[in-house]
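Structure record follows, encoded as structure tokens.
The values are calculated or read from the model by the stated rules, or taken from the named source; none is laboratory data. In this text, all values refer to a predicted model and were calculated from it rather than measured experimentally. As a convention, Cβ positions derive from the backbone with ideal geometry for all residues, glycine included, and neighbour counts pool all protein chains shown.
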Ligand SMILES: *Cc1c(COP(=O)(O)O)cnc(C)c1O
């Protein structure tokens with residue numbers, strides 16, 4: 001990455017956009033959450049209008065809804081951790097817009113939901129779902145707008161940035177105008193970002209992370225991601241350094257998604273009926289993570305940690321976050337039951353076949369000791 005390029009102000013061409021979203025207009029944004037905010041603003045809803053959203057999501061999504069002057073309205077999820085179609089049906093009269101999340105890259109019931117909300121503006125949250133497909137079409141092409149994230153812990157992880165995909169021409173006009181008024185990050189911010197992403201790249205390289213997490217206490221790990229993320233007041237364009245790296249990084253991610261898909265499929269085969277996990281069939285998933293739904297989640301997490309395998313309790317604070325945004329206890333029973341049972345198992349492109357076999361071995365060993 002040449003620092004001098006950060007000064008240039010040309011638009012960067014990303015050929016993959018044409019393949020993934022042939023009909024859409026693409027805008028790069030500072031984050032996926034800010035993309036949600038701009039799309040919601042562009043819908044032109046009245047103040048405090050209700051946006052249907054699942055509670056099992058990133059707190060920054062809820063922050064984006066309120067930053068747009070709107071109110072989250074929580075709708076329950078299904079076994080695949082995405083919006084439950086029946087629940088959408090029963091709540092549709094109460095909402096003015098909807099966010100459909102492809103959690104962990106596993107596609108939501110797009111056809112079912114589309115049939116219920118033809119009259120409402122909808123955003124697809126594809127923060128986990130780059131290269132996932134629904135009926136042979138890339139996610140992000142099915143509703144008015146979609147967001148993707150390149151932040152830390154996303155696929156690909158570029159240390160920040162996001163993408164807003166617009167499929168509705170009149171919405172695009174309003175959003176283009178709005179985005180053109182945003183300031184660019186200052187040179188100082190650009191430089192800080194380059195240093196930060198370099199440090200993160202070293203720290204989050206697969207092997208050191210593996211070791212670091214082994215040393216960190218469970219208490220620290222549980223509390224690390226508790227804070228609510230709100231970027232409501234942060235308004236600027238995507239970092240130039242991220243924009244410049246995007247084209248190459250996305251090509252790389254496309255290949256990595258194929259490897260991950262192989263990893264996820266093979267882990268699913270090895271675990272068979274011994275575990276409950278999210279499955280992709282008949283659609284295509286990027287296997288950004290392999291997701292178990294496990295009664296004994298916390299014990300399993302500890303067991304794997306002892307073996308040097310780092311699993312993740314993704315969005316483990318989602319209930320606390322949702323309550324901070326007005327969630328009423330009992331309103332989404334499936335979500336409340338599942339939120340403490342979700343464990344993500346590493347299956348990303350950097351996990352070797354040998355490690356994958358080891359992971360499956362210990363998972364099956366745990367199951368032997370703790371039958372379902
Ligand atoms: C991380 C995340 C976001 C927000 O992405 P940012 O680029 O960090 O704003 C939105 N939705 C989901 C489901 C996420 O996990």
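Condition first: part of a strand (DSSP E or B) and closer than 22 Å to residue 89 by Cβ. Now tell me which residues in the range 17-50 satisfy that. 50 - this is the single residue of the range 17-50 that is part of a strand (DSSP E or B) and closer than 22 Å to residue 89 by Cβ.
Applying the selection to the range 63-78, what residues are in a strand (DSSP E or B) and free of Cβ contacts under 8 Å to residues at least 40 places away in the same chain?
The answer is 73, and nothing else.
Looking at 29, 66, just one residue is within 11 Å of the ligand (Cβ to nearest atom) and touching a strand residue (DSSP E or B) at 6+ places or on another chain (Cβ under 9 Å), and that residue is 29.
The requirement of being under 24 Å from the mean Cα position of the chain (by Cα), buried (at least 18 other Cβ atoms within 10 Å of the Cβ), at pLDDT below 95 and under 29 Å from residue 110 (Cα atoms) is fulfilled nowhere in the range 350-359; no residue meets it. Quick check, is residue 109 touching a helix residue (DSSP H, G or I) at 6+ places or on another chain (Cβ under 8 Å) and surrounded by fewer than 23 Cβ atoms within 10 Å (Cβ to Cβ)? So residue 109 fits the description; yes.
What are the residues in the range 298-312 that are touching a strand residue (DSSP E or B) at 6+ places or on another chain (Cβ under 7 Å) and buried (at least 19 other Cβ atoms within 10 Å of the Cβ), if any?
300, 301, 311
Number of residues in the range 114-139 that are crowded, with 20+ Cβ neighbours inside 10 Å and away from the ligand (no atom under 16 Å from the Cβ): the value is 3. In this structure, residue 53 does not qualify as touching a strand residue (DSSP E or B) at 6+ places or on another chain (Cβ under 7 Å), under 30 Å from residue 346 (Cβ atoms) and in a helix (DSSP H, G or I). The set of residues in the range 34-53 that are closer than 22 Å to residue 87 by Cβ and within 9 Å of the ligand (Cβ to nearest atom) contains only 36.
Just checking, does the range 199-221 include any residue being at pLDDT 75 or above and either within 16 Å of the ligand (Cβ to nearest atom) or touching a strand residue (DSSP E or B) at 6+ places or on another chain (Cβ under 9 Å) (or both)? Yes, the range 199-221 contains a residue that is at pLDDT 75 or above and either within 16 Å of the ligand (Cβ to nearest atom) or touching a strand residue (DSSP E or B) at 6+ places or on another chain (Cβ under 9 Å) (or both). In this structure, is residue 286 under 30 Å from residue 353 (Cβ atoms) and buried (at least 18 other Cβ atoms within 10 Å of the Cβ)? So residue 286 fits the description; yes. Restricting 162, 153 to residues that are more than 15 Å from residue 23 (Cα to Cα), within 15 Å of the ligand (Cβ to nearest atom) and at pLDDT below 95 narrows the list to 153. Which residue, of 88, 147, 100, is away from the ligand (no atom under 15 Å from the Cβ) and in contact with a helix residue (DSSP H, G or I) (Cβ under 7 Å, 6 or more places away or on another chain)? Result of the check over 88, 147, 100: 88.
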